[in-house]
1. Residues in the range 150-173 that are in a helix (DSSP H, G or I) and either modelled with pLDDT under 95 or not aliphatic (A, V, I, L, M) (or both): how many?
2. So in the range 64-85, with the set limited to residues that are farther than 15 Å from ALA21 by Cβ and either assigned to a helix (DSSP H, G or I) or of a type outside the set (Val, Ile, Thr) (or both), which one is nearest to the ligand (Cβ to nearest atom)?
3. Can you say whether LEU113 is in a helix (DSSP H, G or I), among the hydrophobic types (A, V, I, L, M, F, W, C) and surrounded by 13 or more Cβ atoms within 10 Å (Cβ to Cβ), as far as the supplied structure shows?
4. On the basis of being closer than 27 Å to ARG180 by Cα and in contact with a Gly (Cβ under 8 Å, 6 or more places away or on another chain), does GLY106 make the cut?
5. Between a residue in the range 54-71 that is within 19 Å of SER134 (Cβ to Cβ) and any residue that is small (Gly, Ala, Ser) and crowded, with 16+ Cβ neighbours inside 10 Å, which pairs come within a Cβ distance under 6 Å, given they are 6 or more apart or on different chains?
6. Taking VAL182 as the residue in question, decide whether it is out of contact with any helix residue (DSSP H, G or I) (no Cβ under 8 Å at 6 or more places or on another chain) and either under 29 Å from SER25 (Cβ atoms) or in a helix (DSSP H, G or I) (or both).
7. Residue under question is ILE29, and the condition is that it be within 18 Å of ALA77 (Cβ to Cβ) and not in a helix (DSSP H, G or I); does it hold?
8. May I ask you to list the residues in the range 24-49 that are among the polar types (S, T, N, Q) and either at positive phi or buried (at least 19 other Cβ atoms within 10 Å of the Cβ) (or both)?
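The values are calculated or read from the model by the stated rules, or taken from the named source; none is laboratory data. Keep in mind that this is a model prediction, so the values were computed, not measured. FYI the Cβ positions are ideal-geometry reconstructions off the backbone, even for glycines, and counts take in every protein chain you see.
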Amino acid sequence: MRILLMGPPGAGKGTQAALLAQRLSIPHISTGDIFRANVSQGTPLGRKAQEYMDKGEYVPDDVTNAMVRDRLTWEDAVNGFILDGYPRTTAQVSELDAMLAHAGIGLDVVVELHAQPEVLLQRMVKRAADQGRSDDDPTVIRRRLEVYAAETAPLLEIYGQRNLLRQVDGIGDIVDVTSRLVAAVS
Ligand code: AMP
């Protein structure tokens, strides 16, 4: 299956995408995780990405698109994948459409994991304390939520018009949310 998992920062996408990927035996491709791995390895890509991530801004489309274009050609993605955190802009949607069309494949489903803004804030503050993510400080969190609303939320309409969108409540026990997701993609 080829799945996009969307939702605002703090909705639990990373956790749920990893669980769902395990369940479906397909790779979990998280652009945020790939950027963070590059930041911790100090690669040129990581240095570039960090400038934006630390401010709560999106990494430029050309950088992000090239990275995803490469990742989707890996052998493990041949039979499907869960994309987590990509696409996030309308330009990335067009780019993903082109990549998939080139490979003669399409998306099966787009799932939006949703949660109220107050819950998102609480979760991210807790994550900052637990994991020490440098983009989880209050000013950056606020900026990430704003950027999501302005740049990424409109993508839900695009996928809705394509009849690919399913919405899942992201609030509750992790196992319950996973069950809802499994039902939504089945
Ligand atoms: P995430 O872990 O998905 O919340 O991503 C963390 C950060 O990585 C984001 O706040 C962005 O700075 C950057 N990032 C991840 N995915 C993308 C994307 N598709 N486009 C641009 N920036 C991204």
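1. Total meeting the criteria: 7.
2. In the first step, residues of the range 64-85 are kept if they are farther than 15 Å from ALA21 by Cβ; the result is 64-70, 73, 75.
Now restrict to residues that are either assigned to a helix (DSSP H, G or I) or of a type outside the set (Val, Ile, Thr) (or both): 64-70, 75.
Working: THR64: 4, ASN65: 9, ALA66: 12, MET67: 9, VAL68: 8, ARG69: 12, ASP70: 14, GLU75: 23 Å.
This residue is THR64.
3. Answer is no for this residue.
4. Taking the combined requirement at face value, the residue does not satisfy it.
5. Matching pairs, first to second residue: VAL59/ALA49.
6. No, not satisfied.
7. On the way: within 18 Å of ALA77 (Cβ to Cβ): yes; not in a helix (DSSP H, G or I): yes.
Answer is yes for this residue.
8. Quick first cut of the range 24-49, residues among the polar types (S, T, N, Q) only: 25, 30-31, 38, 40-41, 43.
Selection gives SER25, SER30, THR31.
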